[in-house]
Every structure is written in C-alpha cells, then in structure tokens.
Amino acid sequence: MSRPSTLQQLPPSLQILYQKQQEYAGLQALREASADLLGRVEKLAEMSHIMADGGEAVGGVLRNWPHIFSVLNLFDKPVEIRAETSTDDEEPQEPLPVLVRLPYGGETSTAGGASTANSVNSSGR
C-alpha cells in the first residue's frame, strides 16, 4: 500500500514513467512466454510429422498382410486338398509361388568359427 501513496506523491511525468516501465516489463514477459509457446508448438509439429511418417509405414505393412496370409494359407493346406481343389476348377491356375529357405550366416556361423579358431590357437601353443 505504500507504493500507491508514494506514486501519488511523485510528479505526473514520473508516474507515467513508472507505469510505462511496468507495462514494458509485462510486454517482455509476454514476449518470453509467446517465444516459449512457439518453441513448444514447433516441437509438437515436428513430432506430428514423425508420427505421420510412422503411420504411412504402418499402412504399408498393413497393406501387405492379405498377401502374406494368402501365401501362408497356400502352405497350410495339405497337397491332397490342393490337388482336389485344382481338379474341381475349370479355370487355368497361376503357378504356385515357391517358398525357399535360405541359410542365415549370422551369429551361428561366426560363433562356431570363433570357437574353432580359439581351439586352434590353444592347441598351437
């Protein structure tokens, strides 16, 4: 309460100066808050772009699932059932896709190679 009484005791030009200083301090605080808000909105926009790209990737994967299930369904049926269904159909069918298993030379072959090399080194001493 001492400020309003001291503010009223000041000359009018100093009262206006004091009010303008308070107004300027409020404006600076508003600028800092808006800059902080802008940074947060930009970060949110960046994250939403990342999520949109991830959504497109998930959509691409989901588009492939029907094809994957159809291929798995081909290998799920026994050969006799597939032969019976092919004689019932009069339309020529496309050749069945071939499932090929390729050996993977990952950790299993390198781990075996490393143990062989260690046994040669220990026996060579």
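Residues of segment 42-61 that are of a type in the set (Val, Ile, Thr) and either open to solvent by less than 80 Å² (accessible area, probe 1.4 Å) or under 25 Å from VAL98 (Cβ atoms) (or both): VAL61 alone. The set of residues in segment 62-89 being closer than 20 Å to LEU99 by Cβ, aliphatic (A, V, I, L, M) and modelled with pLDDT of 60 or more consists of ILE68, VAL71, LEU72, LEU74, VAL79.
The values are calculated or read from the model by the stated rules, or taken from the named source; none is laboratory data. No experiment lies behind these values; they were computed from the predicted model shown. Heads up, the Cβs are rebuilt from the backbone with ideal geometry, glycines too, and the neighbour counts pull from every protein chain shown. The area values use the complete protein model at the heavy-atom level, side chains included, leaving out ligands, DNA and RNA. Shrake-Rupley method; radii C 1.70, N 1.55, O 1.52, S 1.80 Å.
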